[in-house]
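Read the structure below first, then the notes.
Just so it is clear, none of the values below were taken in a lab; they were calculated from the coordinates. Values in this document were obtained by computation on a predicted structure and should not be read as measured data. Backbone-built Cβ (ideal geometry, glycine too); neighbour counts: all protein chains shown.
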Amino acid sequence: MKRLLLILILIFSFQSLTKADDINDLQIEGMSIGENILDFFTIKDLKNFGEGNYPASDKFYDIYTHSEKYTQYDSVGINLKKNNYLIYGISGSIFIKNIDECKKKKNEIQNEIISQFIDSKIIDHGTYTQKDYNDNDSTKTQVEIHLPNKGGLISIECSDWSKKTEASHGWYDNLSVSIYSKEFEKWLRNEAY
């Protein structure tokens, strides 16, 4: 019941946020693209979170945060530039046990965003196998919404991790909403891996 309430909050929160003119007006847990992460966390907090993906990169890194202050998401990932505290990407995740429920909520969020950004370009990747550092039996169902005007990307996805991956990494199936600046999206596609 708690998860259903969180998902409904997520949907209704996104409804008011998507009336924005560009990607910088959208928020996840009160944080937006282009804002300074130090307005939300201290340097000590950032060091305690630790860096995530892109270890070979000298341009971007990410952190995964957890906070009792979060009201909509179980965790939030934030993409930052090296030697810069501006937010270039932000993702919120909600842990969901039922993958069918996840896909239903993904579609509801997708439809709401598309209705607000009429000129957006939609790329539906469907369901595909994703790397999971174990047996590669995990899947992801994903849609990308490319925004007009100043650009940027919203990705909505359901990750269905294999049982082995869940056990070995402590990961949970989840619904994620990601907002990427045009610069971060371009780097992610062309240079990250």
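Report, in deg cm²/dmol and to the nearest 500, the calculated mean residue ellipticity at 222 nm for the chain, where each DSSP H run with n ≥ 4 adds -39500 (n - 2.57) and the sum is divided by the residue count. Result for the chain: -9000 deg cm²/dmol, rounded to the nearest 500. Listed values for segment 104-109 are Karplus-derived 3J(HN,Hα) couplings in whole Hz (6.51 cos²θ - 1.76 cosθ + 1.60, θ = phi - 60°), namely 5, 5, 4, 5, 5, 5, and x replaces Gly and Pro.
Peptide packing: for 34-47, 63-76, 86-99, the average count of neighbouring Cβ atoms within 10 Å per residue gives the ranking 86-99, 63-76, 34-47, highest mean first. Around GLY92, what is the net charge, scoring Lys/Arg as +1 and Asp/Glu as -1 over all other residues with Cβ under 10 Å from its Cβ? After counting each charged neighbour, the total is -2. Amide H to amide H distances under 5 Å link ASN174 with ILE96, SER159, TRP161, where only residues 5 or more positions off or on other chains count and H is placed in the peptide plane. Between the listed residues ASN136, SER155, TYR172, the Cα displaced farthest toward the positive end of the dipole of segment 2-190, a dipole computed from Cβ unit charges relative to the Cα centre, is found at ASN136. Measuring against 28 Å, Cα to Cα, the residue pairs LYS106/LYS163; LYS82/LYS105; LYS164/LYS186; LYS81/LYS131; LYS163/LYS186 contain LYS82/LYS105; LYS164/LYS186; LYS163/LYS186 as the ones spanning a longer distance. The distance from the alpha carbon centre of segment 38-82 to that of segment 144-193 is 15 Å, rounded to a whole number.
Given axes a ≥ b ≥ c from the Cα gyration tensor, I'd like to know whether segment 2-190 is rounded (a/c under 1.5), prolate (a/b larger than b/c) or oblate. Taking the square roots of the gyration eigenvalues as a ≥ b ≥ c, segment 2-190 is rounded.
Using Cα pairs under 8 angstrom and six or more residues apart, how large is the relative contact order of segment 2-190, in percent? Contact order relative to length: 20 percent. Phi-derived couplings, Karplus 6.51 cos²θ - 1.76 cosθ + 1.60 at θ = phi - 60°, listed residue by residue for segment 168-175: 7, 10, x, 7, 10, 4, 8, 9 Hz, with x used for Gly and Pro. Here the 3J(HN,Hα) profile of segment 112-123, calculated from phi with Karplus coefficients 6.51, -1.76 and 1.60 at θ = phi - 60°, is 5, 5, 4, 5, 8, 10, 4, 8, 6, 9, 9, 10 Hz, Gly and Pro shown as x.
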